[in-house]
Amino acid sequence: MRQGSAWVSACRRLYSTFPDSTRDPTESTVYNPKATSYSQKRAVPLRSEFSKSKLWDVKGPIPKITLNTEKLGPSDRTYPTFWLRDHCQCSECIHPDTKQRILDTFSIPEDVEFLDVNYEEESAKIKWSDGHTGTYPYAFLKEHQFGARRSTLNPVTFRPFGSVKADSKTFPTVSYESVMENDQGVLEWIEQIHKWGFCFVKGVPIDPEKTKTLIERIAFIRHTHYAGGFWDFTSDLTFKDTAYTSEFLGAHTDNTYFTDPARLQLFHLLSHTHGEGGESLLVDGFKAAEVLLQENHQHAEILACLETSAHSSGNESVCIQPAYGTHVFHTVPRSNQLYMVRWNNYDRAPKSDWNMKQQKAWYDAARHWNEIIKRPEMEIWTQLEPGTALIFDNWRMLHGRSEFTGKRRMCGGYVNNDDFVSRHRLLKFGRERALNTLGVNPDPLDWPQEY
């Protein structure tokens, strides 16, 4: 698979094929001074006019410190001098309770110098020219290695993940009892979600309040315009959304109209009477993105770089759209690692701030993507039952359902990304390592050796 370089310079290459302006230069235009913006001159160059090499140009050598002690491992560790002074972990620089900075970074002399180091049992003590003696736990220093982490990680587009086959007879599953019993059960549940993208919970009491408590084992339930936080609904179109009908619902991401879509979604079918149908559909967006990369790299690059928008406007009191245009594929800027698939053609809003070539390129790529996610080998179909809840990663798994008849009662809720990841990191690593890895990218949860 040649996916490793697919997005490394995707946006730069892609946009080099389009005119700088969103207006196609082949189109005829008429200048009308009454219709122009009040800001006629651009005082500051656009970001695209800078080259990366110019952005990172600095004058003179960068002062560095090399620490050499077996407590940090067999190799020497080198850190920028100012960065190390700025990241002292003592109680004068980091509040012991809040873990927030006390030190004013810009009160440190720009030319601060290293004077001496003493390697103690648990940490290095460094004397600085500004009179401060800094404390640097070895655990903290090991997690922050300048340039080293990228050389040890395989430079690929995707974090490690498992994908369930469409014809599989078994699915990731945990018991309600184990999740409610202790945090180890919660960790097992979260690990299944992180690895496979979804997980069933067996033995859930057929009770909305018990289902609500189950979700809250991970984190608090996110409030939205859909009946506050926890929802308990039937297909009565109380909220003007296709999900509140009995119609077929194709594979999609929820909340694309929010600036920050919910990370997790849980469904629990409480009852289905006087009818049939309503099978649940899951499509692994990460797996589908891999297929797209294999079949057409440029289509993947287009969906990672060209922005679209979305909206939620069905109810009279609601007209929501994200604060900025969003991509179908969201990637971490530095590593180009895919972290979110954001696809919902139902909620896609009109877009006109692109030229003719860009819109044609996007539609071609989106058509290919849409064809992939509808392939039988990509579709996981299951039938929800009372007593079994389904939770899935809304940033990865597209979901839908078949048409149904009769009356269905469903309950569930959303969980935010940051709260989900916080719970996962603390349960998996413990508080000390979670604190030591703050700011480390990629997140240790996504390292191959952790997987």
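Derivation of every value follows stated rules applied to the coordinates shown; laboratory data play no part. This is a predicted model, so every value here is computed, not measured. Here Cβ is always computed from backbone atoms with ideal geometry, including for glycine, and neighbour counts include all displayed protein chains.
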(request) Name the residues whose placed amide hydrogens come within less than 5 Å of the amide hydrogen of THR224, ignoring near sequence neighbours (fewer than 5 apart) on the same chain. (result) GLY229
(request) Can you check what the net charge comes to around LEU435, using other residues whose Cβ is under 11 Å from the Cβ of LEU435 (Lys, Arg +1; Asp, Glu -1)? (result) +2
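Once you have the Cα-Cα distance between MET356 and HIS223, take 0.36 nm times their residue separation minus that, and quote the gain in nm to one decimal. Can you show the working numbers first?
Working: separation 133, 0.36 × 133 = 47.88 nm, distance 3.91 nm.
Taking 0.36 nm per residue and subtracting the Cα distance, the gain is 44.0 nm.
Rank the residues SER280, SER352, SER313 as a footprinting-exposure proxy: fewest other Cβ atoms within 10 Å of their Cβ go first.
Working: SER280 19, SER352 6, SER313 13.
The most exposed by this proxy come first: SER352, SER313, SER280.
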(message) Can you tally the net charge around PHE82? Count Lys and Arg as +1, Asp and Glu as -1, for every other residue whose Cβ sits under 13 Å from the Cβ of PHE82.
(response) -3
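What does the charge count around VAL283 come to, taking other residues whose C-beta lies under 15 Å from its C-beta (Lys +1, Arg +1, Asp -1, Glu -1)? Walk me through the intermediate numbers first.
Working: positive: LYS165, LYS287, ARG342, LYS374, ARG375, ARG396, ARG401; negative: ASP167, ASP254, GLU279, ASP284, GLU290, GLU371, GLU377, GLU379, ASP393.
Neighbourhood net charge equals -2.
When a footprinting reagent is the concern and you count Cβ atoms within 10 Å, what order do LEU338, LEU281, LEU426 take, fewest first?
Values: LEU338 27, LEU281 20, LEU426 15.
Going from least to most buried by this count: LEU426, LEU281, LEU338.
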(request) Output ³J(HN,Hα) for the range 274-282: one whole-Hz value per residue in order, computed from phi by the Karplus curve 6.51 cos²θ - 1.76 cosθ + 1.60 with θ = phi - 60°, and x for Gly and Pro. (result) 6, x, 8, x, x, 5, 8, 10, 10
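Arrange GLU276, GLU191 by Cβ neighbour counts within 10 Å, fewest through most, would you?
Details: GLU276 12, GLU191 18.
Ascending Cβ contact count within 10 Å gives the list GLU276, GLU191.
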(message) Based on alpha-carbon centroids, what's the gap between the range 251-300 and the range 177-214 in Å, whole number please?
(response) 20 Å
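Any chance you could run the full-extension gain for SER178 through TRP83? It's 0.36 nm times the residue separation minus the Cα-Cα distance, nm to one decimal. Could the numbers behind the result be given before it?
Working: separation 95, 0.36 × 95 = 34.20 nm, distance 4.43 nm.
Between SER178 and TRP83, full extension yields 29.8 nm more.
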(message) List the residues, sorted by chain then number, that are 5 or more residues from ARG396 or on another chain and whose placed amide H is less than 5 Å from its amide H.
(response) VAL341
(message) What distance in nm lies between label points placed 7 Å from Cα along the C-beta direction at LEU115 and ASP76?
(response) 2.3 nm
